[in-house]
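Here's the structure, in structure tokens; my notes come after.
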Amino acid sequence: MQTKQNTYTLVWFTTNLRIQDNTVLAHALKLNHPLIGIYCFDPRHYETTTYGFKKTEKYRARFTIESVQDLKNQLESLNIPLFTFYEKPEIAIPKLCKTYSISDICLQKEFTSEETQTIQNLKAKVSKHTSFHELYDQFLFHPDDVLIHVNNIPKVFTNFRKVLEKTCAVRSLFKIEKQDAIKIKNTTTIPNLKILGFSEFTTHTQTAFPFSGGETAAQNRLNTYVFETKKIGFYKKTRNGLLGTDYSSKFSAWLANGCISARQIYWAIKEFERTEFKNESTYWLIFELIWRDFFKFIALQHGNAIFKIDGINQQSYNWKTNPTLIKKWCSGATPERFVNANMMELNKTGWMSNRGRQNVASYFAKTLELDWRVGAAYFESLLIDYDVHSNYGNWLYVAGVGNDPRNRTFNVKLQADRYDEHGKFQKQWLQNTLFE
Ligand SMILES: Cc1cc2nc3c(=O)[nH]c(=O)nc-3n(C[C@H](O)[C@H](O)[C@H](O)COP(=O)(O)OP(=O)(O)OC[C@H]3O[C@@H](n4cnc5c(N)ncnc54)[C@H](O)[C@@H]3O)c2cc1C
């Protein structure tokens, strides 16, 4: 393709770390200037928060480094250089704009406060002549294709799902082609764990999430889980599991940083249904992807209320902030073995199953009546797959200030009996601690 050579388009990668089916990248290419990519490891993401723990712990930090390394390799194969900095975007990007003549900046459209504030800060610092192009790319169902106004998004998931399934289609996938080579010297490097403030570490031998970050690893997992092993065909039966890599898809971490799109997973499942078989399980994974969209639409609808103690319900409870109880929960030292085992798993691996998350969150917010935002912030710190909408949406839901119409409390003893009948999971994480 002929491109205009004097000016460049900058693609600012955030949580869309892939080249294929990347709406922002595709849009940038249409502007017909040569492309430069940038990714900023934002120092604010690696600071200690007012709750006393890091905003991002080592597990997600390493997964992000791996994802950005893979993105850089993928972009190189398209002749697009990726500049990487350990600097705030509002500082790094204006500097890059001064070095190169950048006419357009393309990025994923965001709608939560920290992200939008960073974008505002940047806009204030670059030339008025630079055009910004912000595009949604994190949804399964594109917000522009959803016929109901965002203010009228149903509060109950089932109603939301039914409307979307009836009235909305998932957009098709597109391929990004190789570009003409451009002569730009890129000497930037990807920061290592040490630079981000961590020591190197080895992956726990019993982790349920032994995977690496990056588009390549995400595509491998998609192929393995769906087509090679056909485990997708048993998903509904296994999804409440606690041990091993295959009880659920494990797509969440790659989805959270955009190494894979929800659309790519959806269309892979459709292909599987067409060529192999279709059953309740193949549908159920799509059903779960709609849950993911639900919390994104709730964030879009309610803005900052998703971070407020009274949540989207404006529901006041007598929340406690007992530091000893919080510490015991975080370190897996409560009177409940099942809660402790899950917290141990999280602390040692950065992973916890959905069943585990529901139980420990319910125990924190409903049984101990602790300020749910502290629990959510702890998850934000530790989880490899932390995603702002899914994390805060689920915490609101479990804490009774969100979208659960039944406002349930989990009985963790009964849950342990049901989902860890022989105590294998509890033994794995509680016994190990005695020998470490
Ligand atoms: C308190 C709490 C906090 C959570 N925090 C996060 C988070 O920060 N990031 C995150 O991705 N998920 C979060 N979840 C949702 C869910 O636990 C994980 O998405 C899931 O366990 C990831 O495993 P998987 O990819 O194997 O999921 P699968 O069971 O294979 O599901 C496939 C995909 O569907 C989506 N999904 C499944 N369940 C949910 C759900 N309840 N809400 C939203 N999306 C869902 C995920 O994208 C997941 O990758 C949270 C749940 C709870 C109860």
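The values are calculated or read from the model by the stated rules, or taken from the named source; none is laboratory data. Predicted, not measured: the structure shown is a model, and the values here were computed from it. With ideal geometry, Cβ positions are generated from the backbone for all residues, glycine too; neighbour counts draw on all protein chains shown. Accessible surface areas use protein heavy atoms only, side chains included; no ligands, DNA or RNA. Shrake-Rupley method; radii C 1.70, N 1.55, O 1.52, S 1.80 Å.
In what sequence, highest mean first, do 406-413, 294-301, 109-116 appear when ranked by Cβ atoms within 10 angstrom?
294-301, 109-116, 406-413
Kindly identify segment 215-306 as rounded, prolate or oblate by the Cα gyration tensor criterion: order the square roots of the eigenvalues as a ≥ b ≥ c, call it rounded if a/c is under 1.5, otherwise compare a/b with b/c, prolate if a/b is larger, else oblate.
prolate
How much of the DSSP beta bridge set in the chain is antiparallel, as a percent to the nearest 5?
So the antiparallel bridges in the chain amount to around 5 percent.
Output wanted: per-residue J couplings in Hz (rounded whole) for segment 70-77, from phi through Karplus 6.51 cos²θ - 1.76 cosθ + 1.60, θ = phi - 60°, x for Gly and Pro.
Per-residue couplings from phi come out as 5, 4, 4, 5, 5, 5, 4, 5 Hz.
Local charge sum around S248 (other residues, Cβ-Cβ under 10 Å, Lys/Arg +1, Asp/Glu -1)?
+2
Send over a whole-number figure in Å² for the accessible area per residue of segment 8-137, probe 1.4 Å.
I get 38 Å² per residue for segment 8-137.
Below 8 Å, C-alpha to C-alpha, sequence gap of six or more: please give me the relative contact order for the chain in percent.
19
List, in order, the whole-Hz ³J(HN,Hα) value for each residue of segment 203-210 obtained from phi through the Karplus relation with A = 6.51, B = -1.76, C = 1.60 and θ = phi - 60°; use x for Gly and Pro.
Whole-Hz 3J(HN,Hα) from phi for segment 203-210: 5, 4, 5, 9, 5, 7, 10, x.
Once R0 is set to 22 Å, what does the formula 1/(1 + (r/R0)^6) return for the Cβ-Cβ distance between R408 and W291, expressed as a FRET efficiency to the nearest 0.05?
0.85
So which trypsin sites (Lys or Arg not before Pro) in segment 1-80 end up in coil per DSSP with only 14 or fewer other C-beta atoms within 10 Å?
Qualifying residues, ordered by number: K4.
So how much slack lies between T99 and L173, counting 0.36 nm per residue of separation and subtracting their Cα-Cα distance, in nm?
23.2 nm
In nm, what is the difference between 0.36 nm times the number of residues separating F201 and R44 and their Cα-Cα distance?
The F201-R44 span can extend by a further 54.3 nm.
Top to bottom by accessible area (1.4 Å), largest first, where do W319, W267 land?
Listed by decreasing accessible area, they come as W267, W319.
Suppose we look only past 19 Å in the calculated P(r) of segment 308-435. What percent of the Cα-Cα pairs does that tail hold?
So the pairs more than 19 Å apart make up 45 percent of the total in segment 308-435.
Quick check: pseudo-label points 7 Å beyond the Cα along Cα→Cβ at N32 and A181, how many nm apart are they?
2.5
What number results when the radius of gyration of the chain, computed over Cα atoms, is divided by 2.2 N^0.38 Å?
Working it through for the chain, the quotient is 0.99.
Where in segment 171-228 are there trypsin sites (Lys or Arg not before Pro) that are in a DSSP coil and have at most 12 other Cβ atoms within 10 angstrom of their Cβ?
Qualifying residues, ordered by number: K175, K178, K183, K185, K194.
Cα axis of helix 372-382 to longest principal axis of the chain: angle in degrees, 0 to 90, nearest 10?
60
Holding the Cα-Cα limit at 32 Å, pick out from K54/K237; K231/K320; K109/K155; K230/K308; K88/K236 the pairs that are longer than that.
Beyond 32 Å: K54/K237; K231/K320; K230/K308; K88/K236.
What percent does the relative contact order of segment 215-306 come to when contacts are Cα pairs within less than 8 Å and at least six residues apart?
Computed value for segment 215-306: 32 percent relative contact order.
Just the number, please: carbon plus sulfur as a percent of the accessible area of the chain, 1.4 Å probe, no ligands or DNA/RNA counted.
About 50 percent, which is the carbon plus sulfur part of the accessible surface.
Relative to the longest principal axis of the C-alpha atoms of the chain, give the angle of the C-alpha long axis of helix 388-399, reported between 0 and 90° and rounded to the nearest 10°.
20
Cα to Cα, under 12 Å, and not fewer than 8 places away if on the same chain: which aspartates and glutamates meet these conditions relative to K328?
Within the straight-line limit of under 12 Å, K328 reaches these aspartates and glutamates: E336.
Helix 280-302 sits at what angle to the longest principal axis of the chain, using alpha carbons and giving 0 to 90 degrees rounded to 10?
The two axes meet at around 70 degrees.
Over 18 Å apart: what share of the alpha carbon pairs of segment 1-119 falls there, rounded to a whole percent?
54
Per residue, what accessible area does segment 229-388 have, given a 1.4 Å probe and all protein chains present, in Å²?
Averaged over the residues of segment 229-388, the accessible area is 36 Å².
Expressed in whole Å with the largest first, what are the equivalent ellipsoid semi-axes of segment 292-355 derived from the C-alpha gyration tensor as the square root of 5 times each eigenvalue?
Rounded to whole Å, the semi-axes are 28, 18, 9.
What are the residues whose amide H is under 5 Å from the amide H of H133, where those residues sit 5 or more places off or on another chain and H is modelled from the backbone?
The answer is I105, C106, L107.
For K72, give me every one of the lysines with a C-alpha distance below 16 angstrom, ignoring sequence neighbours fewer than eight places off in its own chain.
K178, K185
State the answer as a single residue: which of L82, T23, Y100 lies farthest towards the positive end of the charge dipole of the chain, with beta carbon charges of +1 for Lys and Arg and -1 for Asp and Glu, about the Cα centre.
Of the candidates, T23 comes out farthest on the positive side.
Can you list residues whose amide H is under 5 Å from I176's amide H, if they're 5+ apart or on another chain and H is modeled 1.01 Å from N?
D21
What does the charge add up to near N322, with Lys and Arg as +1, Asp and Glu as -1, over the other residues with Cβ less than 14 Å from its Cβ?
+1
I want the local charge near A377. Using Cβ-Cβ distances under 11 Å, sum +1 for each Lys or Arg and -1 for each Asp or Glu among the other residues.
+1
In Å, what Kirkwood hydrodynamic radius results for segment 132-225 from the alpha-carbon pair distances?
19.0
Just flag the GluC sites (Glu not before Pro) in segment 275-352 sitting in loop per DSSP whose Cβ has no more than 12 other Cβ atoms within 10 Å.
none
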